[in-house]
Amino acid sequence: MANEDSESQQLTIEIQPKLVPIHDLTQTKWRYLFLFFDCTLCLGNYFAYDTPSVLQPEIMDRLHINSFEFNWFYSVYSFPNMILPFFGGFLSDTFGSRLAVFIFSLLVCFGQAIFALAITIESFPIAVLGRFIFGLGGENLCVVQGTILAEWFTGKELSMAYGMTISIGRLGSVINNILEPQFYSSTGSVVFGLWFGLFLCILSLILGLFLIFMDIHKDTLLGPSKKKSSEKIKISDIKSFNFGFWMLSGNCLVVYICVLTFNSIASLYFQTRFNFSSIEAGYFISITYIVAALFSPIFGILADRLGRHIYWIFSSALMMLIVHVIFILLPDCDKCIWGGLNLIILGMGYSIYGSTMWGSIPFLVDSYAAGTGFGIVTAAQNTGMTIGPIIVGAIHYKTEHQYGYTYVSLFFIIVAVIGVTTASMLWVWDRKNGQHLFTAKIYDSSRLESANEQEDLSKTLAIN
Ligand SMILES: C[C@H](N)C(=O)N[C@@H](CCCCN)C(=O)O
């Protein structure tokens, strides 16, 4: 009996040190409130980003600009972001994510305010300047949204958390697609919708302040923890980022072309190939984002439960390939729904990819370099978003008379094949290098050290 008692005591003592201190907010239910604030951080940005495309004819009319000039609103957003998120991520690692959240949220509001004002006073150059400033804040805000989340959700719930950010973000895009035309039809002006976009950006900023307060409170409860000098990011550290990380960045560049670049041409694609009106095509192209809003958290939870992130990344890249092969094989038809059904597969693939790819970055870079890691992957994504539409536009312009969309689809197939290939190379690399993308182990030497310390402590207590 006495023996049994001492055995159970030993068991209790052994388990106890593995419990984290209760004043660590990241281990309490408060982390879900933090997740809510993190998700709303980019809501205004996602909403306002898509507003010009929904109101394209009306804005062109108001500013007396042609479609080439109109495209500036998107180029000035994406083009600088081929580089800028890298600096945004570096800034976030160097000065802290909280300051970065504040600065980038302010830039988003400032940029959207200038854009709305410019459309109100009918000035095209000021509107371009507004979109440029909006872009400086917007993509960097996405970077820091991911970085700060990795400090609150480690390992087990990371993909669910990233899935939630994509879900709420894309909900913002869908709400924009629904609300903006309604605002226009009830007010007869584009201006109201743009100021409403600013209102949402300010709301995101205010909720972002709550996020900052929660993060400060978390650190206060944990007590001061000075980063060792070896744990501070230096530009030269980038050279030591592993091959897997660079493969993931390349993979992100191409897979996002298969989803977002396709989505940007999907309206005209559905009108031309399946004879839908622009309003009907608008409904169809929302399918991808609606599916993403619904399924991203679900696939995130599944990935957290089952691990095997590399399987998910590979399968979603394969799904992109299947979608574009189906599109090239699908004959043109009158108001048939097959293309729409294919968009459900695209939305599923995007949900899987979005939650598991972003959630894989902390498995490939050290935690003190997470911001820079997210920044580089976001820069890669924006590179795809900049060059993808240019190439697609050029192919379409040159080949549409004779071949319709065949060569455009062929381009997406080639890009998807690169996606599958890079995912396979990442898989092979991961198998030989610790299988972080298989077992969902956080790539963070300081946490590994403290885990080892806890294990040692539990062993010592058990022996005593
Ligand atoms: C809005 C941005 N251009 C974008 O496309 N973001 C990604 C997700 C980024 C997640 C980082 N926290 C998206 O798929 O929406």
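The values are calculated or read from the model by the stated rules, or taken from the named source; none is laboratory data. Predicted, not measured: the structure shown is a model, and the values here were computed from it. Using ideal geometry, Cβ is built from the backbone for each residue, glycine included, and neighbour counts are taken over all protein chains shown. Quick note on the areas: whole protein, heavy atoms, side chains included, nothing else; ligands and nucleic acids left out. Shrake-Rupley method; radii C 1.70, N 1.55, O 1.52, S 1.80 Å.
The residue list Asp366, Asp332 contains one member that is within 30 Å of Asp93 (Cα to Cα), open to solvent by 10 Å² or more (accessible area, probe 1.4 Å) and away from the ligand (no atom under 16 Å from the Cβ), which is Asp366. Annotation note: of Leu268, Leu294, Leu364, the sole residue that is out of contact with any strand residue (DSSP E or B) (no Cβ under 7 Å at 6 or more places or on another chain) and closer than 25 Å to Thr421 by Cβ is Leu364.
Here is a check on your reading of the model: is Ser355 within 27 Å of Phe90 (Cα to Cα), open to solvent by less than 10 Å² (accessible area, probe 1.4 Å) and among the small types (Gly, Ala, Ser)? So Ser355 fits the description; yes. Checking Leu55 against (1) more than 21 Å from the chain's Cα centre (by Cα); (2) open to solvent by 20 Å² or more (accessible area, probe 1.4 Å): exactly one of these is not met. Which one? Status for Leu55: all satisfied but (2). Please find, within the range 161-198, the residue that is farthest from the ligand (Cβ to nearest atom) out of those that are assigned to a helix (DSSP H, G or I), β-branched (Val, Ile, Thr) and over 12 Å from Ser286 (Cβ atoms). Looking at residues that are assigned to a helix (DSSP H, G or I), β-branched (Val, Ile, Thr) and over 12 Å from Ser286 (Cβ atoms), I get Thr187. If you go through the range 98-107 and keep only what is touching a residue at least 60 places away in the same chain (Cβ under 8 Å) and crowded, with 22+ Cβ neighbours inside 10 Å, you end up with Ala100, Val101, Ser105. Inspect all residues belonging to the range 402-411 and state whether any of them is within 16 Å of the ligand (Cβ to nearest atom) and either more than 30 Å from Cys333 (Cβ to Cβ) or of a type in the set (Gly, Ala, Ser) (or both). No, the range 402-411 contains no residue that is within 16 Å of the ligand (Cβ to nearest atom) and either more than 30 Å from Cys333 (Cβ to Cβ) or of a type in the set (Gly, Ala, Ser) (or both).
Residues in the range 128-155 that are open to solvent by 10 Å² or more (accessible area, probe 1.4 Å) and among the small types (Gly, Ala, Ser): Ala150, Gly155. Quick check: anything in the range 343-351 open to solvent by 10 Å² or more (accessible area, probe 1.4 Å), in contact (Cβ under 8 Å) with a residue 40 or more places away in the chain, within 24 Å of Phe276 (Cα to Cα) and in contact with a helix residue (DSSP H, G or I) (Cβ under 9 Å, 6 or more places away or on another chain)? Checked the range 343-351: at least one residue is open to solvent by 10 Å² or more (accessible area, probe 1.4 Å), in contact (Cβ under 8 Å) with a residue 40 or more places away in the chain, within 24 Å of Phe276 (Cα to Cα) and in contact with a helix residue (DSSP H, G or I) (Cβ under 9 Å, 6 or more places away or on another chain).
To keep it simple, each residue is scored yes or no on (1) away from the ligand (no atom under 16 Å from the Cβ); (2) open to solvent by less than 10 Å² (accessible area, probe 1.4 Å).
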| position | (1), (2) |
| --- | --- |
| Ser75 | no, no |
| Asn81 | no, yes |
| Phe87 | yes, no |
| Gly96 | yes, no |
| Ala118 | yes, yes |
| Ile121 | yes, no |
| Ile126 | yes, no |
| Glu157 | no, no |
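Residue-level check: of (1) in contact (Cβ under 8 Å) with a residue 40 or more places away in the chain; (2) over 23 Å from Gly163 (Cβ atoms); (3) buried (at least 19 other Cβ atoms within 10 Å of the Cβ); (4) not charged (D, E, K, R), Phe34 misses just (2).
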